[in-house]
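Take a look at the structure set out below.
Every number here is computed from the coordinates shown, using simple stated rules; none is lab data. This one's a predicted model, so the numbers in the text were calculated from it and none came from an experiment. Using ideal geometry, Cβ is built from the backbone for each residue, glycine included, and neighbour counts are taken over all protein chains shown.
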Amino acid sequence: LILCPMNNKMKNIEIFNESKNYMPGGVNSPVRAYKDVDVTPPVIKKGEGAYLYDEDDNKYLDLVGAWGPMILGHCDKDVVDAIKSTAENAIAFGGTTELELKLAKHICTTVDNMEMVRMVNSGTEATMSAARLARGFTGRNKIVKFAGCYHGHFDGFLVSAGSGVLTEGIPGSKGVPEEIIKNTIVAQFNDIENIRYIFEKYGEEIAGVIIEPVSGNMGVVPSEPEFLRELDNLCKKYGALLIFDEVMTGFRVAYKGAQSIYGINPDLITMAKIMGGGLPCGAYGGRRDIMEYLSPVGPVYQAGTMSGNPIVMSAGYATVKKLYENPSYYDYIENLAIKLQKGVEEIAKEKGLPIVVNRFKSMMTIFFNEEGKVKNYDDAKKCDTDLYAKFFKHMISNGIYMSPSQFEAMFLSVKHTEGDIDKFLDIMRKM
Ligand code: PMP
């Protein structure tokens, strides 16, 4: 299918086709190729507030928000100014700057359970490094992850769950040796009995448990509070570290992340996306005694030429500072998300569409699901991807830019308005 929603120019298609000669699939990250929905992706040239513009001058209402970071909207003036003024003097040194201190201190003093932090360059690096640190600190090898949670493309986390109660690691990608993932245990999300069983069987060998407290990577699926509490208890009982992957939820579901809503104190937290203001970034942090196990203080090695890059630090600082100073942003975005959820549910009822909307604060997913609930990965896998593809094609060809897969979160920003939500709903109603 060829996509030219608002006019019949061909620049998008020309650029994308040529890109395929030089980059596998024409992209630098697979989801961007729109393979499952059989649509040529728009080639984006500009972002402004809640809107995107492609090379054919089509305008889209954006509900992807760069997969999370753009909570202030595209090209927020304060963030752009910070990037510009830093770039005048400081592009990269691979050395110490005060900007690193500014962002690190701001995060550690405003987010709970972050006594110290290490900056890296992506969410993948953050989770990979947190796993190494957990192993180094505990002297144990096994890491537990949950089916349907995504923690980046690090070998040890590219493990998909089988349908059994407990799945020993099965690689989710070619090129991941079984020896590497034999220390990864896949547990069932929101299943207390399953995680108890895993701890009874392997408790003394488990270095850490990593979880998205609100998963956004099987679509939005929040943890049930009692499940997280039991997980926390089990980690404490067996001396395993609890790692909250807040790459998506940090500074998004609340300034202080999902941990502040559930009232749980993880040992380590991973972050990325919003904390870099849209530039390549990541961070992991937590308890001081654990963080001081990192090189150069401790024996766990982890490094990065670009880590703490001045431009990234300044964009991140401008973003989190603005969020910190404007707590009302969170209610504003959540209210838009509530309006969107209600509207979508009404349309689903009117049209008899099998839709379940999972929403946690301003993160939400529209699932096409006959059974009426999505609480874990098995439920998510039962969703109707063909119907979603039909929905997606209708929306994008009418100027609504959303994820080409339903197993992702939709993100709103402070630049979205009630009028934008109405626009989305009007277009959906015409499906
Ligand atoms: N953890 C979570 C929860 C994520 O959502 C993602 C990416 N969407 C990652 C880790 C990996 O981050 P990155 O793509 O920056 O490597």
Comparing VAL356, VAL176, VAL297 in a Gaussian network model of the chain (Cα, 10 Å), the one with the largest mean-square fluctuation is VAL297
Please say if the chain is rounded, prolate or oblate, where rounded means a/c under 1.5 for a ≥ b ≥ c the square roots of the C-alpha gyration tensor eigenvalues, and otherwise the choice is prolate for a/b larger than b/c and oblate otherwise?
oblate
Report, in deg cm²/dmol and to the nearest 500, the calculated mean residue ellipticity at 222 nm for the chain, where each DSSP H run with n ≥ 4 adds -39500 (n - 2.57) and the sum is divided by the residue count.
-11500 deg cm²/dmol
Of every Cα-Cα pair in region 77-203, the percentage lying beyond 26 Å is 40
Coordinate range along principal axes, alpha carbons of region 1-101, Å, largest first
50, 28, 22
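Can you compute the equivalent ellipsoid semi-axes for region 79-325, i.e. the square root of 5 times each eigenvalue of the Cα gyration tensor, sorted largest first and rounded to whole Å?
Values: eigenvalues 189, 68, 55 Å².
Equivalent ellipsoid semi-axes, largest first: 31, 18, 17 Å.
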Binned at 10 Å starting from 0, the alpha-carbon pair-distance distribution of region 316-431 in whole percents comes out as 13, 43, 30, 12, 1
As a footprinting exposure proxy, order VAL357, VAL111 by other Cβ within 10 Å, with the fewest listed first.
VAL357, VAL111
Return the aspartates and glutamates within reach of LYS322: Cα separation strictly under 12 angstrom, same-chain partners fewer than 8 residues apart disregarded; answer none if there are no such residues.
ASP76, ASP78
Enumerate the lysines that LYS237 could reach by cross-link, defined here as Cα to Cα under 22 Å, with residues fewer than 8 away along the same chain left out.
LYS142, LYS145, LYS201
Looking only at the chain, where both bridge partners belong to it, what percent of the DSSP beta bridges are antiparallel (to the nearest 5)?
65
At a 10 Å Cβ-Cβ cut-off, how would you order PHE424, PHE411, fewest neighbours first?
PHE424, PHE411
For region 178-334, restrict the atom set to alpha-carbon positions and state the Rg and Dmax in Å.
17.0, 48
Taking θ = phi - 60°, what integer Hz values does the Karplus form 6.51 cos²θ - 1.76 cosθ + 1.60 yield along region 319-334, in sequence order, with x for Gly and Pro?
6, 5, 5, 5, 5, 5, 7, 10, x, 5, 3, 5, 5, 4, 5, 5
Could you work out which residue, out of ASN376, ASN335, ASN326, moves most in a Gaussian network model of the chain, that is, has the largest mean-square fluctuation with Cα springs under 10 Å?
ASN326
In the Gaussian network model of the chain, springs joining C-alpha atoms below 10 Å, which of GLY316, GLY152, GLY65 carries the largest mean-square fluctuation?
GLY152
What does the charge count near GLU226 come to, summing +1 for each Lys or Arg and -1 for each Asp or Glu among other residues with Cβ under 14 Å from its Cβ?
-2
With an 8 Å Cα cut-off and a minimum separation of 6 or more residues, compute the relative contact order for the chain in percent.
22
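Within a 10 angstrom radius of the beta carbon, how do CYS75, CYS383 rank from fewest other beta carbons to most? Intermediate values should be presented prior to the final figure.
Values: CYS75 15, CYS383 22.
Neighbour counts put them in this order, fewest first: CYS75, CYS383.
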